[in-house]
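A.B. asks: Take a look at this one; I'll ask things after.
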Amino acid sequence: MGIIQRQGLTNAVITFIGLVIGFVSLLYIQPKFLTPEEIGLTRVLFSVSALVGMFLPLGIGTITLKYFPKFRNEENGHNGFLGFIALYMLAGVLLMAVVLFATKGFIINQYQQQSPLFTEYYNCVLPFSFIIGLNGILGLYCNSLFKSVLPAILNDVLLRIGSIVLFTIYFCKLISLSVFVWLFVGIYFIQGAALLLYIFSIQQVNLRANFKMISEIGFADMAVYGIWMSFVSVASIGIKYIDSIVIAKYYILDLVGIYTIAAFIPNVIEAPLLALERIAGAKIAHAISHNQIEEVKKIYYKSSRYLLVLGGLIFIGIVVNIQFVLQLLPPAYMGGLEVVYIMSLGAIFSILGGNNTQIIFSSENFWKGGILLIGVAVMALFLNLLLIPRFGINGAAMAMAISSLIYTASKFVIIYKQFRLQPYTWHTLLIVLLIAACIGLAMLFPVFTHPLLNIVTHSLAVTFIYCISILGFRIVPEANSIIDRYNPFVR
């Protein structure tokens with residue numbers, strides 16, 4: 001089993017465990033232990049900090065993915081690349097501190113009327129941004145070392161468990177709201193400290209940067225690439241979080257809390273893609289840097305088909321069960337039903353492209369991808385500002401789905417023009433038809449009185465029908481091979 005398959009499978013399992021914990025947290029713990037306003041506060045604080053945190057490292061994360069293969073050398077600690085990261089990021093921290101201080105008054109004025117609680121804790125943004133940015137960089141560095149398992153455990157499992165513990169402590173009134181907010185930031189700090197300890201423990205660290213190698217590769221080229229990719233990273237994270245930030249501008253934080261719960265559910269569809277990206281991104285960068293196009297093709301084609309298979313099953317489960325899931329929450333959260341439907345469709349658009357993002361940003365077309373992403377982010381902002389005042393949280397979901405469709409289609413065109421690769425076959429259409437058929441059949445299922453009984457029976461039925469169909473049409477040959485190997489009726 002190759003390194004992508006092995007670590008990809010491990011990451012998928014970790015991601016699944018994290019999703020279960022996330023579901024418990026967002027669909028049970030948070031609605032019962034926090035008010036919608038408090039959920040909205042944590043969401044907006046994280047969204048703003050994540051946006052700043054993406055620019056704060058000045059693109060060193062994408063520099064790591066693109067240039068680390070040139071520095072790779074276990075014997076000398078990879079030529080001090082981690083030390084280079086630390087020095088480079090320091091400049092970004094100083095720059096963003098100045099920007100946040102200069103814009104504090106303007107930002108507070110935008111949110112003072114509808115979301116005064118956010119303005120009260122605005123001072124958390126800079127340290128939270130630094131922590132988020134640092135965690136992202138350390139995670140990418142681990143991925144470049146092909147050590148993606150522990151970062152995945154920290155991010156997907158332990159971080160969520162820590163949050164649940166914090167929510168419980170706050171619910172028991174053992175701490176004040178102010179302490180709760182700072183401890184919420186502190187959980188992410190612990191994640192970063194654990195990543196640093198792990199990197200030093202695997203003995204691939206040298207903090208003395210090899211400036212001679214940096215000069216030979218071209219520091220100016222690396223810096224231009226990094227700064228450009230900083231704007232791209234902000235655009236990327238902006239597409240994901242701009243919705244809650246704009247909602248908080250026009251509506252009270254309670255509505256942000258309801259939207260947060262609803263928006264989390266469709267994100268599960270993209271979870272397999274995120275798990276695969278942790279390891280495949282570094283492999284794609286390595287393959288492209290060594291002109292191994294066949295390896296790129298294999299990852300691209302398989303990722304598109306298999307992610308659609310897995311994401312399609314999750315999509316079916318969500319569409320079929322979401323009304324029953326929301327019945328388990330306080331009545332106010334039923335207002336997010338249409339948000340789930342719309343955003344689930346947008347998530348399907350995203351996974352259809354497979355690992356297309358890594359292919360573009362690891363190739364010479366990274367600048368085209370950057371222009372595209374920034375353009376989509378600006379469009380998403382415009383759509384949010386246009387649709388949210390008119391349609392509320394449904395408008396935010398519409399903006400996300402439209403942006404996702406346009407972004408995926410545009411990346412397809414870029415890759416096809418450069419590499420003449422397109423991952424879609426008749427299997428793609430067949431998977432889509434199976435998804436639609438399963439949802440249609442689910443409408444004929446009996447509906448019971450208790451929501452949990454509906455969730456269990458509907459989930460088991462559609463999962464059985466979908467998986468049998470996938471195996472019957474041999475859409476995933478590896479799965480059929482495993483079954484054939486242990487099937488006594490197959491010689």
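A.B. asks: Are there any pairs with C-beta distances below 8 angstrom linking a residue in the stretch 342-354 that is without any contact (Cβ under 8 Å) to a residue 40 or more places away in the chain and in a helix (DSSP H, G or I) to a residue that is acidic (Asp, Glu) and surrounded by fewer than 23 Cβ atoms within 10 Å (Cβ to Cβ), with the two at least 6 apart or on different chains, and if so which?
C.D. replies: Within 8 Å, no pair qualifies.
A.B. asks: Six or more apart or on different chains, Cβ under 6 Å: which pairs go from a residue in the stretch 128-144 that's touching a residue at least 12 places away in the same chain (Cβ under 8 Å) to one that's not in a helix (DSSP H, G or I)? Could you list them?
C.D. replies: Ser129/Leu56; Gly133/Leu56; Gly133/Pro57; Ile137/Pro57
A.B. asks: Does Ser148 satisfy being small (Gly, Ala, Ser) and touching a residue at least 24 places away in the same chain (Cβ under 8 Å)? Break it down stepwise before answering.
C.D. replies: Numbers: small (Gly, Ala, Ser): yes; touching a residue at least 24 places away in the same chain (Cβ under 8 Å): yes.
Answer is yes for this residue.
A.B. asks: I need a count of the residues in the stretch 128-178 that are more than 25 Å from Gln30 (Cβ to Cβ) and aliphatic (A, V, I, L, M).
C.D. replies: Of the residues in the stretch 128-178, 7 are more than 25 Å from Gln30 (Cβ to Cβ) and aliphatic (A, V, I, L, M).
A.B. asks: Regarding Ile269, is this residue assigned to a helix (DSSP H, G or I), buried (at least 24 other Cβ atoms within 10 Å of the Cβ) and of a type in the set (Val, Ile, Thr)?
C.D. replies: Working: assigned to a helix (DSSP H, G or I): yes; buried (at least 24 other Cβ atoms within 10 Å of the Cβ): yes; of a type in the set (Val, Ile, Thr): yes.
Yes.
A.B. asks: In addition: Take the conditions at positive phi and either out of contact with any Leu (no Cβ under 9 Å at 6 or more places or on another chain) or surrounded by fewer than 18 Cβ atoms within 10 Å (Cβ to Cβ) (or both) and apply them to Phe146. Does it pass? Walk me through it before giving the result.
C.D. replies: On the way: at positive phi: yes; either out of contact with any Leu (no Cβ under 9 Å at 6 or more places or on another chain) or surrounded by fewer than 18 Cβ atoms within 10 Å (Cβ to Cβ) (or both): yes.
In short, yes.
A.B. asks: From the list Pro31, Pro69, exactly one residue is more than 18 Å from Ile187 (Cα to Cα), at pLDDT 85 or above, of a type outside the set (Lys, Arg) and assigned to a helix (DSSP H, G or I). Which is it? Steps first, answer last, please.
C.D. replies: On the way: Pro69 fails: at pLDDT 85 or above.
It is Pro31.
A.B. asks: Does at least one position in the stretch 105-112 carry a residue that is crowded, with 18+ Cβ neighbours inside 10 Å, touching a Ser or Thr at 6+ places or on another chain (Cβ under 6 Å) and among the hydroxyl-bearing types (Ser, Thr, Tyr)?
C.D. replies: yes
A.B. asks: Condition test on Val340, is it among the hydrophobic types (A, V, I, L, M, F, W, C), under 30 Å from His286 (Cβ atoms) and buried (at least 20 other Cβ atoms within 10 Å of the Cβ)?
C.D. replies: Working: among the hydrophobic types (A, V, I, L, M, F, W, C): yes; under 30 Å from His286 (Cβ atoms): no; buried (at least 20 other Cβ atoms within 10 Å of the Cβ): yes.
Judged against the criteria, Val340 is not a match.
A.B. asks: For the stretch 435-462, enumerate the residues that are out of contact with any Cys (no Cβ under 9 Å at 6 or more places or on another chain), surrounded by 11 or more Cβ atoms within 10 Å (Cβ to Cβ) and either of a type in the set (Val, Ile, Thr) or within 28 Å of Val296 (Cβ to Cβ) (or both).
C.D. replies: Within the stretch 435-462, Ile435, Ile439, Val447, Ile455, Val456, Thr457 meet the criteria.
A.B. asks: Just checking, which of Phe130, Phe167, Phe118, Phe81 is at pLDDT below 80, buried (at least 21 other Cβ atoms within 10 Å of the Cβ) and part of a helix (DSSP H, G or I)?
C.D. replies: Working: Phe130 fails: at pLDDT below 80; Phe167 fails: at pLDDT below 80; Phe118 fails: at pLDDT below 80.
Being at pLDDT below 80, buried (at least 21 other Cβ atoms within 10 Å of the Cβ) and part of a helix (DSSP H, G or I) holds for just one of Phe130, Phe167, Phe118, Phe81, which is Phe81.
A.B. asks: Kindly evaluate Phe315 against the criterion of being assigned to a helix (DSSP H, G or I), out of contact with any strand residue (DSSP E or B) (no Cβ under 8 Å at 6 or more places or on another chain) and crowded, with 21+ Cβ neighbours inside 10 Å.
C.D. replies: Numbers: assigned to a helix (DSSP H, G or I): yes; out of contact with any strand residue (DSSP E or B) (no Cβ under 8 Å at 6 or more places or on another chain): yes; crowded, with 21+ Cβ neighbours inside 10 Å: yes.
Yes: the conditions hold for Phe315.
A.B. asks: Which is in contact with a Lys or Arg (Cβ under 8 Å, 6 or more places away or on another chain) and among the polar types (S, T, N, Q), of Ser410, Ser362, Ser404?
C.D. replies: Numbers: Ser410 fails: in contact with a Lys or Arg (Cβ under 8 Å, 6 or more places away or on another chain); Ser404 fails: in contact with a Lys or Arg (Cβ under 8 Å, 6 or more places away or on another chain).
Ser362 is the lone residue from the list that is in contact with a Lys or Arg (Cβ under 8 Å, 6 or more places away or on another chain) and among the polar types (S, T, N, Q).
A.B. asks: With the condition being at pLDDT 90 or above and among the β-branched types (Val, Ile, Thr), I'd like the helices (runs of 4 or more DSSP H) fully within the stretch 395-491 carrying at least 3 qualifying residues. Spell out the reasoning first.
C.D. replies: Numbers: elements: 426-442, 451-472, 477-486.
Once the helices (runs of 4 or more DSSP H) in the stretch 395-491 are filtered for at least 3 residues that are at pLDDT 90 or above and among the β-branched types (Val, Ile, Thr), what remains is 426-442, 451-472.
A.B. asks: Also, quick follow-up: Among the residues of the stretch 130-144, which ones are under 17 Å from the mean Cα position of the chain (by Cα) and small (Gly, Ala, Ser)?
C.D. replies: Result: Gly133, Gly136, Gly139.
A.B. asks: Let me ask something additional. Would you confirm whether any residue within the stretch 283-290 is surrounded by fewer than 18 Cβ atoms within 10 Å (Cβ to Cβ) and farther than 30 Å from Gly257 by Cβ?
C.D. replies: There is at least one residue in the stretch 283-290 that is surrounded by fewer than 18 Cβ atoms within 10 Å (Cβ to Cβ) and farther than 30 Å from Gly257 by Cβ.
A.B. asks: From the residues in the stretch 152-164 that are over 19 Å from Leu56 (Cβ atoms) and under 17 Å from the mean Cα position of the chain (by Cα), which one is surrounded by the most Cβ atoms within 10 Å (Cβ to Cβ)? Full working, then the answer.
C.D. replies: So the first thing to find is which residues in the stretch 152-164 are over 19 Å from Leu56 (Cβ atoms), and the list is 152-154, 156-164.
With the extra rule that they be under 17 Å from the mean Cα position of the chain (by Cα), the set shrinks to 152-154, 156-160.
Working: Ala152: 25, Ile153: 17, Leu154: 22, Asp156: 22, Val157: 18, Leu158: 17, Leu159: 19, Arg160: 22.
Looking at the filtered set, the residue picked out is Ala152.
The values are calculated or read from the model by the stated rules, or taken from the named source; none is laboratory data. Note that the structure is predicted; figures quoted are calculated from it, not measured. Cβ atoms come from the backbone with ideal geometry, glycine included; neighbour counts cover every protein chain shown.
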